[in-house]
Structures are given as C-alpha cells and as structure tokens.
Amino acid sequence: MRRQVIEVEGVDLTLGEGAARVHVLKTVSLSVAQGETVALLGPSGSGKSTLLMTLAGLERPDAGSVRIDGRDLGALSEDALARFRGENIGIVFQSFQLIPTMTALENVAIPLELAGKSDAFARAEAELAAVGLAERLAHYPAQLSGGEQQRVALARALAPDPLILAADEPTGNLDSETGAAVIELIFAQQRRRGATLVLVTHDAALAARCSRRVLLRSGRIEAEGAVQPYLFRKDKKSTNK
C-alpha cells in the first residue's frame, strides 16, 4: 500500500478583511498517495486554487492540519516552511512567475543555489534540456513564447526533484496546441520521477488523465471520481478560484 504523502484534515481558511472577508475552505479533508495524480475541479470561487496553495504551504489554514510526507506544516516556522517547500514541493503557476531580469538558466538555477545546491547551474541546465529548452538557456522571459516560459517554470519546479508537483491552471495562459505540449511534459516528468501531481484545471481532457478527480463547491469537497469538469467554465471576473 502506497504511503499518504498529502494529508489535509479539517482545514478551514478565511481570506480578506472586513466586508471582503470570505470563508474560502470549510472543513476540507483530503489524502493523496505517493505517485497519485489528482485533478481539483469546481466552479470559480469554489476554493480549488486556495486548497492547492494550502497543501503547498503558501497559505496557512485557520483551523485543521496539513501534513506533507508526515511533516505538520503548521508546526514549522516561516523559514523552516520555506526550506521544506523548496525541497519537497514544486509549484507551477498559470502566470509563469518568472523573474524578468534573469535568463531561463538563472530562473531555474538561482532557487537551487539559494537552497545550497553546489551543482545548481548544472542541474538547471539538465532540467531545461529535459523540457526541450537546451538552446534557450541565455534567453530572458520576454524573449520566450508563453509555452517556453511555462516550460522554464516547469523545469524550475522539477529541479529540486520534489515529492509533490502542484500545478495551478498550468495551461490557462496558453493556446490549445501549446498547452497540450506542456501537459505532455508534465505527465511525462511526473511518471519518470514517480512524483505526486495535484493540479487545478477546467480542462475536461486534462482532468480525465488524472487517476482521481476531486470536485469542490463553495469551499467544500462535494464529490470524487467521475465528476464532469466541462460543466465549470472559467469566470474571468472571479479572483478566487
């Protein structure tokens, strides 16, 4: 039996202040096994991206617990949490989140260097080659296409060889052909490394590739299994996915 690498138990989270305060997650519990691929689905405002950020340690819940590979994230200081996340959780954002003044190689290598990896640049070069960017190492984000930028972001997320890969709408800013190529890379790398993949998506075909689908609605897990993601189109006006 595979061990549980993600254990979210009874998590509540409220974001915002005053009249803008929103109860985003409501007593959410979720376990994910090593090597599993999980799609988080739901209408805009359901809390799926917030849940992803919470299990990745970027949001701290008001109540409940998040354990990653047996470590209670709530018991870690901010510095310890940042170190733990850097070693164990790779994150791919919809908007790439690359540093514009750094080359592709630097964007991947600098986080490794800051984490004390002596082979940071060699590892970064190998990861960029693995996503098809061996000839683009010295290019800055503005010189790269959207698909290339997302591949740099994927290389950066995978460079520490993380236990978990968290992807938030990884194809949201890409055309369908480019998005499909990025998804092939994500799943190929996940399989090669045996990593656990948790992703937020509105794409029915992408969700169908995952071994499990989890539907959120109004901050709660409503269903798991054969849910239908095509029912939930992205609402561009919503800021809380």
query: Name the residues in the stretch 91-102 that are modelled with pLDDT of 95 or more and open to solvent by 60 Å² or more (accessible area, probe 1.4 Å), would you?
result: Ile99, Pro100, Thr101
field: Pick from the stretch 77-90, criterion under 14 Å from Asp161 (Cβ atoms) and touching a helix residue (DSSP H, G or I) at 6+ places or on another chain (Cβ under 7 Å), ranking: least open to solvent (accessible area, probe 1.4 Å)
entry: Gly90
task: Test Pro170 against the stated conditions and say whether it is within 26 Å of Arg71 (Cα to Cα), touching a residue at least 60 places away in the same chain (Cβ under 8 Å), in a loop (DSSP other than H, G, I, E, B) and of a type outside the set (D, E, K, R).
output: no
- request: Name every residue in the stretch 25-42 that is modelled with pLDDT under 95 and over 24 Å from Phe187 (Cα atoms), in order of residue number.
  value: none
query: Within the stretch 195-241, how many residues are among the small types (Gly, Ala, Ser), modelled with pLDDT of 85 or more and open to solvent by less than 40 Å² (accessible area, probe 1.4 Å)?
result: 4
message: Against the conditions (1) open to solvent by less than 40 Å² (accessible area, probe 1.4 Å); (2) farther than 23 Å from Leu81 by Cα; (3) free of Cβ contacts under 8 Å to residues at least 12 places away in the same chain, where does Glu184 fall short? Just the number, please.
response: (1)
- request: Count, please, the residues in the stretch 1-26 that happen to be free of Cβ contacts under 8 Å to residues at least 40 places away in the same chain and over 24 Å from Gly194 (Cα atoms).
  value: 6
- prompt: Do you know which residues across the stretch 103-123 are under 17 Å from Pro160 (Cβ atoms), touching a Phe, Trp or Tyr at 6+ places or on another chain (Cβ under 9 Å) and either in a loop (DSSP other than H, G, I, E, B) or open to solvent by 50 Å² or more (accessible area, probe 1.4 Å) (or both)?
  reply: Glu106, Glu113
- request: State the number of residues belonging to the stretch 52-76 that are within 17 Å of the chain's Cα centre (by Cα), open to solvent by 50 Å² or more (accessible area, probe 1.4 Å) and farther than 13 Å from Leu25 by Cα.
  value: 3
task: Starting from the stretch 194-210, keep only residues that are closer than 15 Å to Ser31 by Cα and in a strand (DSSP E or B), then list their pairs with residues that are open to solvent by 10 Å² or more (accessible area, probe 1.4 Å) and among the hydrophobic types (A, V, I, L, M, F, W, C) whose Cβ atoms are within a distance under 7 Å, requiring at least 6 positions of separation or different chains.
output: Thr196/Leu163
- request: Find the residue count for the stretch 124-140, including only residues that are in contact (Cβ under 8 Å) with a residue 24 or more places away in the chain, closer than 18 Å to Gln190 by Cβ and not in a loop (DSSP other than H, G, I, E, B).
  value: 3
task: Please verify whether the stretch 85-93 includes one or more residues that are over 27 Å from Gln149 (Cα atoms) and touching a strand residue (DSSP E or B) at 6+ places or on another chain (Cβ under 7 Å).
output: no
- line: Per the filter on the stretch 22-46, residues in a loop (DSSP other than H, G, I, E, B), open to solvent by 10 Å² or more (accessible area, probe 1.4 Å) and at positive phi are Gly35, Gly45
query: Which of the residues that make up the stretch 142-165 are assigned to a helix (DSSP H, G or I) and under 20 Å from Leu55 (Cα atoms)?
result: Ala153, Leu154, Arg156, Ala157, Leu158
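The values are calculated or read from the model by the stated rules, or taken from the named source; none is laboratory data. Since the model is a prediction, treat every value here as computed from it, not as a measurement. Neighbour counts are summed over all protein chains in view; Cβ atoms, including those assigned to glycine, are modelled from backbone coordinates with ideal geometry. The accessibility values were calculated without ligands, DNA or RNA, using every heavy atom of the protein model including side chains. Shrake-Rupley method; radii C 1.70, N 1.55, O 1.52, S 1.80 Å.
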